[in-house]
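S.K.: Handing you this structure, nothing more for now.
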Amino acid sequence: MEAGPSQRGRPSGAAGGGRDFEQQLGEFWSRLLRLLHTQCGMRPVAVESGKHILSGLVAADGTRRILVNLQPEDAFGRFVAPTDDVPPLWGQRRFLVSELVEWHLGGEEMRFAPLTEEDSPHYWGTGYPKMYAGRTTQFDFNAVCEKSGQLIEKMLFEYKAAKSSNRETVDGNVHERLGYQMLQYLEIAQRHGNTSLNVIGSSAFAKYKNKYHVTFNQQALRLADTYSTFRMRFAACASDYYNLFAIIPRFLIDGKNPPRDYRRQEG
C-alpha cells in the first residue's frame, strides 16, 4: 500500500493520500473479519465498551474473541446485537493528556508551570492545567484479543502514509509526529499494561531511501528493552503486513497469543 506523491504548493496533510491509505486499511479490516467468518465459520459478535460498540469474532471453541472498533454494519454488512459489556478501556482509542500526566506525576507537573503572568497570561501558576485541559492523544484503530473474559492484548494501531515525490527518497514532511505518539503510548502502556502500538506504514517506508524505517524500529527496541510494558510493531511492506495481520487468525484459530516480534511469530 502506498500513498500518492506530494503535490507542489500543498502543505503537509492537505493532500488526500493519508485519508486514502486509512480508508484502504478500514476496508481491509472488514474484509478480514468477513473472510474469517465465511471461510472459517467463526461467529460474529458485538459488545458494548463504555460509549463504544466493538464488533468481532468468536473462536470455534468459544474461549477466544477478537474485537475491533467497527460497527457491525461496517464489519459484517448487517446488524449484530451486543451480547455483553466489556471494560471501557477495551474500546478506548482517545486518551486524555491530563489523565496520563496526573497518573505519572500526581500533581508534580506544577513545577513546569510558567512562574508569572508575564511568562504566560493564561497559564501561569495554578492556571497551568488549563493549558492541556481537554487535549488528547488518539490512535487510528483498536483491536482487542480476549480469552475467557481476560484481556490478552489491546492492539492500538496507527497509520502512517509516507510518500515519495521523486520516487527515490521519502518526502521530508513524513509524519515525524509518530515519535511523540510513541512516547504517549509509553505512558498508556505503563498505566494499563497488556497493550501494544502497531504502526502500519505505507510501502514508501520500505521502497525509498529514508531515515525513518530503521530509526522507528531502533527506538521501539530501545524503549522495549527499558520498559517491559512497551510493545511496538512497525510494518511497511507486503511481508510485514502479512505477518502482522496473521496475528489475528493465529489467535482465533490456533490460540497463539500475539508475539512480541511478529516477524518471528513466536507466541
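Read-outs throughout are calculated quantities, based only on the coordinates presented, and are distinct from any laboratory measurement. Just so it is clear, the model here is predicted, and its values are computed rather than measured. Note: ideal-geometry Cβ built from the backbone for every residue, glycine included; neighbour counts use all protein chains shown.
S.K.: HN-Hα J couplings of segment 144-161 from phi, Karplus 6.51/-1.76/1.60, θ = phi - 60°, integer Hz, Gly and Pro as x?
M.R.: Taking θ as phi minus 60°, the curve returns 10, 9, 10, 9, 6, x, 9, 6, 8, 7, 9, 9, 7, 10, 10, 9, 10, 9 Hz for segment 144-161.
S.K.: Moving on to the next point. When a footprinting reagent is the concern and you count Cβ atoms within 10 Å, what order do Trp124, Trp103, Trp90 take, fewest first?
M.R.: By the 10 Å Cβ count, ascending, the order reads Trp103, Trp124, Trp90.
S.K.: Give or take rounding to whole Å, what are the principal axis extents of the alpha carbon atoms in segment 94-133, in descending order?
M.R.: The Cα atoms of segment 94-133 stretch 32, 19, 10 Å along their principal axes.
S.K.: Then there's this: For Tyr180 and Thr126, what does the FRET efficiency come to when R0 = 35 Å and r is the distance between their Cβ atoms, rounded to the nearest 0.05?
M.R.: 0.85
S.K.: Not counting the cut sites, what is the longest span of the chain without GluC sites (Glu not before Pro) that DSSP labels loop and that have at most 14 other Cβ atoms within 10 Å?
M.R.: 1-116
S.K.: Explain nothing, just compute: Karplus ³J(HN,Hα) = 6.51 cos²θ - 1.76 cosθ + 1.60, θ = phi - 60°, for every residue of segment 239-252 in order, whole Hz, x for Gly and Pro.
M.R.: Here the 3J(HN,Hα) series is 5, 4, 4, 4, 5, 5, 6, 5, 4, 5, x, 5, 5, 6 Hz.
S.K.: Treating only the Cα positions of segment 21-154 as identical point scatterers, give the base-10 log of I(q)/I(0) from the Debye formula at each q in 0.14, 0.15, 0.19 Å⁻¹.
M.R.: -0.71, -0.76, -1.02
S.K.: So, one more: Provide the FRET efficiency to the nearest 0.05 for the Ser165-Arg191 pair, computing r from the beta carbons and using R0 = 41 Å.
M.R.: Computed FRET efficiency for Ser165 and Arg191: 0.55.
S.K.: Enumerate the amide H contacts of Ser165 below 5 Å, restricted to partners 5 or more residues apart or on another chain; note that Pro and chain-start residues carry no placed amide H.
M.R.: Residues meeting the amide H criterion: Ser6, Asp171.
S.K.: Where nothing but the Cβ of Lys and Arg (+1) and of Asp and Glu (-1) is charged, how large is the charge dipole of segment 94-133 around its Cα centre, in debye to the nearest 20?
M.R.: Approximately 160 debye in magnitude.
S.K.: Among Met232, Met131, what is the fewest-to-most ranking by other Cβ atoms within 10 Å?
M.R.: Met131, Met232
S.K.: Of Thr116, Thr195, Thr137, which is the most mobile in a GNM of the chain whose springs link Cα atoms less than 10 angstrom apart?
M.R.: Maximum fluctuation in the GNM of the chain, among the listed residues, is at Thr116.
S.K.: Further question: Give me Ile188, Ile66, Ile253 sorted ascending by neighbouring Cβ count inside 10 Å, so fewest comes first.
M.R.: Ascending number of Cβ neighbours within 10 Å: Ile253, Ile188, Ile66.
S.K.: About its Cα centre, how strong a charge dipole does the chain have in debye, to the nearest 20, once Lys and Arg get +1 and Asp and Glu get -1 at the Cβ?
M.R.: In debye, rounded to 20, the chain gives about 840.
S.K.: Extension gain Thr215-Arg263, at 0.36 nm per residue separation less the Cα-Cα distance, in nm?
M.R.: Here the segment from Thr215 to Arg263 would lengthen by 15.6 nm.
S.K.: Further question on the same structure: Could you tell me how many cubic angstrom of Cα convex hull volume the chain has per residue?
M.R.: Hull volume over Cα atoms, normalised by residue count, gives 156 Å³.
S.K.: Can you work out the Karplus-derived ³J(HN,Hα) for every residue in segment 189-205? Use 6.51 cos²θ - 1.76 cosθ + 1.60 with θ = phi - 60°, whole Hz, and x for glycine or proline.
M.R.: Listing the rounded values in order: 5, 5, 7, 9, x, 6, 10, 9, 10, 10, 9, 9, x, 5, 5, 4, 4 Hz.
S.K.: If you average 1/r over all unlike Cα pairs in segment 116-267 and invert the result, what Kirkwood radius do you get in angstrom?
M.R.: For segment 116-267, the Kirkwood estimate is 17.3 Å.
S.K.: Moving on. Per DSSP H run of at least 4 residues, take -39500 (n - 2.57); add these up for the chain, divide by its residues and hand me the 222 nm value, nearest 500 deg cm²/dmol.
M.R.: -9500 deg cm²/dmol
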